Structures are given as structure tokens and as C-alpha cells.
Amino acid sequence: MPRWEPDARHRLVTAALHLFSEQGYDGTTVTEIAQRAGLTKSTFFRHFPDKKDVLSAGQETLSRLMADGVAGAPEGATPIVAVAAGLQSAAGAMTPFNRELGPRLHAVIATSAELQERDQLKQVGIAAAVTEALRARGVPDPVAALAAEVGMLAFKEAYTAWTAPDNQQELTELTRASLERLHGALAELG
């Protein structure tokens, strides 16, 4: 593939996940990732500081989409309705690329405690962005934090279901159903 082809970032992510699956995370070098993507090592470093960052490539975008969705929820929306708007914003932006790479990403992360820890930090960062967006709407701290965590749990559950080989539902449907189910479970706590 020529070096000037578009979508270098996607190509690097795809190449990295394929290599991590084939030869393990620790056994893969940045040079190998760049070569598999048909790019140079310097191009890799223009997009990612190190190979760990390939696995959290969409974190900033996902955080922004969720926070923007929360901010754009109708005035007077309850915190859970605002979170639902954030989830719909993020789910609606997911592409077949995200769906295809999801299982491979989870498999690679499962092989390393370091990568699992980094994945957890990624989720904490996204929840913090949603919490802040809720606070900006005037939602009190404990409620904002709880609503954001429930939203993250719903998104994680829905994303896992969406990437399953036999799934026929859209991610937007799955996030809506997951959030409703979790919201109902919270009501049962008493």
C-alpha cells in the first residue's frame, strides 16, 4: 500500500491488532506495525506516542461524543436521559471498522495485566468526561458520577453484544436497551 494513502491512523490500528493477535503484544515492535500498515516508523509516532496508545486510539473521540451528547440533551432532561443522549451520540458514530476490531482489541487486552489496567483507566477517563458534562448541566456530583458510571457500564455491555458474531442489532438499540435494563436494576435497589 503506498505511503501516501489516507487513513494512516486506521491502518496503523488494524496492523497493530493483527500483529498483536498473531505474535502477542510484547512480541510486536513499532517498526513491524508501521511496515504491516505500509507506513514508516516516523508516521507511527506522528499518530501514537507508543504501541500501548494504539489500543486506546478512540478514547478522546468517544469521550467527546458522549460529553457532547450529554450537553446537547434537551433542557430539563433527567441525568439518565442526558446520559442516554451521550450514549446515542457515541453509538451512532461507531462504524463497521469499530465493530470488526472490537473482539480483536478485547482479546489483546485480555493477554496483559498492564493493558487491562490501561483499559480501565481509559474507561475512567470517559466516565469523567460524562460526569463533567452532567455537572455542567447542574447535576450534583454524586448523581453525575453515578449516572456516568451506569452509562459506561451500559456502553461496555452494549458494545460487547454488538461485536458478537451472531448479533443483528444496531449499537444504538443495544445501548438504549442496556441503559434501560441497568436503570431498572438501580430502581430495584430500594
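Numerical summary
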{"read-out": "Residue order for Leu17, Leu146 - accessible surface, 1.4 angstrom probe, largest first", "value": "Leu146, Leu17"}
{"read-out": "Computed magnitude of the charge dipole of the stretch 1-91 (debye, nearest 20; Cβ of K, R +1, Cβ of D, E -1)", "value": "280 debye"}
{"read-out": "Cα long-axis angle, helix 96-110 against the chain (0 to 90 degrees, to the nearest 10)", "value": "80 degrees"}
{"read-out": "Magnitude of the charge dipole, the chain, Cβ model with Lys/Arg +1 and Asp/Glu -1, debye to 20", "value": "520 debye"}
{"read-out": "Scattering profile of the chain at q = 0.16 Å⁻¹ [log10 I(q)/I(0), Debye over alpha-carbon scatterers]", "value": "-1.00"}
{"read-out": "Net charge of Cβ neighbours under 15 Å - reference Ala91; Lys, Arg +1; Asp, Glu -1", "value": "-1"}
{"read-out": "Within the accessible area of the stretch 105-147 (1.4 Å probe), percent carbon and sulfur", "value": "62 percent"}
{"read-out": "Normalised alpha carbon radius of gyration of the stretch 1-90 [divisor 2.2 N^0.38 Å]", "value": "1.44"}
{"read-out": "Cα lying deepest toward the dipole's positive end in the chain, options Val54, Ala34, Thr131, charges on Cβ", "value": "Ala34"}
{"read-out": "Low-density loop positions, trypsin sites (Lys or Arg not before Pro), the stretch 1-75 - DSSP coil, at most 15 other Cβ in 10 Å", "value": "Arg3"}
{"read-out": "Farthest positive-ward along the stretch 114-168 dipole, Cα basis, beta-carbon charges - from Met152, Gln116, Trp162", "value": "Met152"}
{"read-out": "The stretch 119-190: GluC sites (Glu not before Pro) falling in loop per DSSP and having at most 16 other Cβ within 10 Å", "value": "Glu170, Glu188"}
{"read-out": "Given charges at beta-carbon only (K, R positive; D, E negative), |dipole| of the stretch 108-171 in Debye", "value": "200 debye"}
{"read-out": "Set of lysines near Lys122 by C-alpha distance (under 19 Å), chain-local residues within fewer than 8 positions excluded", "value": "Lys51, Lys52, Lys156"}
{"read-out": "Accessible area per residue in Å² at 1.4 Å probe, computed on the stretch 72-167", "value": "50 Å²"}
{"read-out": "Tail weight of P(r) past 17 Å, computed on alpha-carbon pairs of the stretch 64-109, percent", "value": "45 percent"}
{"read-out": "Per-residue [θ]222 nm for the chain (sum of -39500 (n - 2.57) over DSSP H runs n ≥ 4, rounded to 500)", "value": "-23500 deg cm²/dmol"}
{"read-out": "Filtered GluC sites (Glu not before Pro), the stretch 33-111: DSSP coil and at most 15 other beta carbons within 10 Å", "value": "Glu75"}
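The values are calculated or read from the model by the stated rules, or taken from the named source; none is laboratory data. As the structure is a computational prediction, the values presented were derived from the model and not from experiment. Every residue, glycine as well, gets a Cβ built from its backbone with ideal geometry; the counts of neighbours run over all protein chains shown. Please note that ligands, DNA and RNA were not included when accessible areas were found on the heavy atoms of the full protein model with its side chains. Shrake-Rupley method; radii C 1.70, N 1.55, O 1.52, S 1.80 Å.
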